[in-house]
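Below you'll find the structure, written out as structure tokens, and then a few comments.
The values are calculated or read from the model by the stated rules, or taken from the named source; none is laboratory data. This one's a predicted model, so the numbers in the text were calculated from it and none came from an experiment. Virtual Cβ from ideal backbone geometry, glycine too; neighbours counted across all protein chains shown.
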Amino acid sequence: MERPAGVTILAVLAFVATGMLVLAALGVLLGGAIVGNMAARPGFGMMAGIAGAVFGVVFLGIAALYAVIGVGFLKLQNWARILAIVLCCLGVLFNALGILTALFHFHVFLLFWRAIIVGINLWIVLYLLKPHVKLAFGATGF
């Protein structure tokens with residue numbers, strides 16, 4: 001079966017996210033090193049350097065995950081579809097918690113931003129669960 005256009009779009013978006021996360025990781029690594037060298041207090045400089053390294057590695061790990069999902073989408077691998085569904089559900093959960101935080105602190109812009117992200121994640125999950133998309137991936141169950 002031919003790959004649905006929506007799956008191709010999701011694969012391209014996964015590769016775009018990969019590139020953006022790699023750039024963010026490089027920026028955080030470089031920023032941590034710069035702040036670490038410029039810090040007046042020795043303890044603060046070391047903490048900034050370590051924090052930059054940790055966040056940079058985390059961003060690179062997430063970027064690798066998005067790249068793997070993108071390749072899996074292009075090859076119509078069912079594990080990539082399931083992994084994307086799981087990650088989108090986690091995104092819905094954490095952003096729903098963010099909506100509660102925004103409500104508690106009365107941040108209207110943050111409330112709408114989180115609601116948009118929840119909506120996009122739900123749309124992706126519902127799209128990946130459609131019968132014709134599942135059929136393209138060769139899925140029989142979930």
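Worth pointing out:
- Across the range 9-54, the number of residues qualifying as without any contact (Cβ under 8 Å) to a residue 24 or more places away in the chain, of a type in the set (A, V, I, L, M) and over 30 Å from residue 127 (Cα atoms) comes to 13.
- In the set (1) at pLDDT below 95; (2) touching a helix residue (DSSP H, G or I) at 6+ places or on another chain (Cβ under 8 Å), the condition left unmet by residue 97 is number (2).
- Evaluation of residue 83 against (1) touching a helix residue (DSSP H, G or I) at 6+ places or on another chain (Cβ under 9 Å); (2) surrounded by fewer than 17 Cβ atoms within 10 Å (Cβ to Cβ); (3) not assigned by TED's automatic domain parsing to the domain that holds residue 140 (one fails), failing number: (3)
- Residue within the range 107-115 that is buried (at least 18 other Cβ atoms within 10 Å of the Cβ), in contact with a Leu (Cβ under 9 Å, 6 or more places away or on another chain) and more than 30 Å from residue 131 (Cα to Cα) present: no
One line per residue, one yes/no per condition, for (1) part of a helix (DSSP H, G or I); (2) in contact with a Leu (Cβ under 6 Å, 6 or more places away or on another chain); (3) of a type outside the set (Lys, Arg); (4) farther than 19 Å from residue 12 by Cα:
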residue	(1), (2), (3), (4)
65	yes, no, yes, no
68	yes, no, yes, no
76	no, no, yes, no
90	yes, no, yes, yes
94	yes, no, yes, yes
98	yes, no, yes, yes
101	yes, no, yes, yes
104	yes, no, yes, yes
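- Residue match in the range 121-132 (condition: within 23 Å of residue 6 (Cα to Cα), touching a Phe, Trp or Tyr at 6+ places or on another chain (Cβ under 9 Å) and outside the structural domain of residue 9 (by TED's automatic domain parsing)): yes
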